[in-house]
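Any read-out appearing in this document is the output of simple, stated calculations on the displayed coordinates, not a laboratory observation. Computed from a predicted structure; not experimentally measured. Counting neighbours? That spans all protein chains shown, and the Cβs are built from the backbone with ideal geometry, glycine included.
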Amino acid sequence: MNKSTGFNADANGGDELLPTVVPRAEHPISRAHISPNALKVLYRLKDAGYQAFLVGGAVRDLLLGLEPKDFDIATNAHPEQVKQLFRNCRLIGRRFHLAHVRFGMEIIEVATFRAAHTQIDEDNSVDEAGHRVLDAGGRILRDNLYGTIEEDVWRRDFTANGLYYNIEDFSIWDYVGGVADANARVLRLIGDPETRYREDPVRMLRAMRFAAKLDFTLHPDTAAPIRSLARMLDSVPPARLFDEVLKMFFSGSALKSFDMLQNHGLLAHLFPDLGAGLADPANTGAADLVRLGLDGTDQRVRADKPVTPMFLFAVLLWPAIKSRARRESPAVMTEIQALQTACDTVTARQMSRVAIPKRFTLPMRELIGLQPRFDKRDGRRALRLLDHPRFRAAYDFLLLRVAAGEVSPEVGEWWTQIQTLPPEERVGQVEALPPTTDSEAAPKKRRRRRRRSRSGSPSPAAT
Ligand code: ATP
Ligand code: MG
């Protein structure tokens, strides 16, 4: 294989880039493991005279004997030419078109080879048409030139993600040593690591995700610049970070990703208040709760059970919310109000980093506000909790708090048991209990009563 000079090699004087071609007989990727729809698209492109390759995560996963999540295709056909070949094809993206070929629930993404901008001025920030391509920190602003496969490969992030499976003869084209790295389970950035992270800081998160999910080690050169560049994550749009956080924590390797984020100094840039919440000595079991919550998420993902961002963020924000709630005065607010106020404050700060949509923060706030109600088991009001639309999630969260040692096991057992009883027997259970006597509840009850008698309506905490 021709040794490349790295990113933009072609621009610097025409290094001819030749891939190592791994013939079908020398790699394990079989068409039997490729989605029939992806094969259809590949064959049709080829038959129309275009180059067509399976690319990215699908090639990597097939090489590793894993089942790919989706199948992406790269071609030298332009999007409009792709569209002409498929009835079921839509072009998406404003600046740069991608073709989506739809087969029922499955979408095959077809991307035209793209080039990095080649002629750039002295400060490396303006392209041949005079448009800015990099910002002052080196971040890519424009990335929209069609190119050849030799150019396309340098834009990709990791060597294991930079492999092309050629439908022409079922060989793998490897320009970057990706086959060897995948086999050695090493994650290595293509090109100069610092430059590549500056172009797109999200690659640091992708490094964590792939290393955790695929059980790869980070190549030392890939790991080295991360800590000092971590702050560049602060300039990534929060909506993109939300997508990345979900990919990372719903990958089936949330716990490992979490540890990697922490070890590489990235966690604080995603969750600004989490560190202080975990370090707060008054937060009994906070670290355990987060770990158990992430582990539970991993188990659900691996068992193909549904997972929801509202529960995930409740877990990740809970330590900060608890610390914050403790700062509210019990003379002014009930425990529920203190938690919800703290939840609002912590969520608002969190949103400046990771934009969590309201459809998740609102139920999360409810789940958190319900926690103190699990302590009050005497009286029929306790039973009404069972009918709350957020009961199930709040109960699961309670069990996590029990497992983390934050709540007495007896409370968890009581709520588990009451759900197994027929409704008529439940009333007997709550009436048999002595009235709640915990130290916090008593003054609050008095306060509620006073407020009720003043306003003539029940307090929000009592509804
Ligand atoms: P997954 O299994 O999560 O889908 P993937 O490797 O397919 O992993 P995608 O996000 O689907 O990841 O991206 C497809 C391919 O596009 C990647 O394999 C990589 O080659 C390229 N790519 C994606 N995001 C970036 C990025 N931020 N920088 C450079 N290349 C990227
Ligand atoms: Mg993919």
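Which whole-number percent is the relative contact order of the range 271-441 (Cα, under 8 Å, 6+ apart)? Numbers along the way, then the final one.
Working: 166 pairs, mean separation 42.3, N = 171.
So the answer I get is 25 percent.
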Across every pair of different alpha-carbon atoms, what Kirkwood hydrodynamic radius in Å does the range 147-282 reach? 15.9 Å
How big is D for the range 229-311, in µm² s⁻¹ as a whole number, if Stokes-Einstein is applied with the Kirkwood radius of its Cα pairs at 10 °C and 1.306 mPa s? 116 µm²/s
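Which of ARG155, ARG300 has the fewest other C-beta atoms within 10 Å, and how do the rest follow up to the most?
Details: ARG155 21, ARG300 17.
Final ranking by Cβ density, sparse to dense: ARG300, ARG155.
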Which three lengths, in whole Å and largest first, does the range 271-441 cover when its Cα atoms are put on their principal axes? 48, 45, 28
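Can you put MET364, MET351 in order, fewest other beta carbons within 10 Å first? List each step's numbers first, then the result.
Working: MET364 28, MET351 15.
In increasing order of surrounding Cβ atoms, one gets MET351, MET364.
Just in the range 156-201: which GluC sites (Glu not before Pro) are loop by DSSP and have at most 13 other Cβ atoms within 10 Å?
Values: sites: GLU168, GLU194, GLU199; in loops: GLU168.
Counting only loop positions with at most 13 other Cβ atoms within 10 Å, the GluC sites (Glu not before Pro) in the range 156-201 are GLU168.
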Compactness of the range 304-351, expressed as Rg and Dmax over alpha-carbon positions, Å: 12.4, 46
Which of LEU339, PHE360, GLN417 sits closest to the plus end of the dipole of the range 271-441, meaning its Cα is farthest towards the positive end, when Lys and Arg get +1 and Asp and Glu get -1 on the C-beta? PHE360
Could you list, in their original order, any pairs among LYS305/LYS358; LYS40/LYS256; LYS213/LYS322; LYS40/LYS358; LYS256/LYS358; LYS69/LYS322 whose Cα atoms are separated by more than 29 Å? LYS40/LYS256; LYS213/LYS322; LYS40/LYS358; LYS69/LYS322
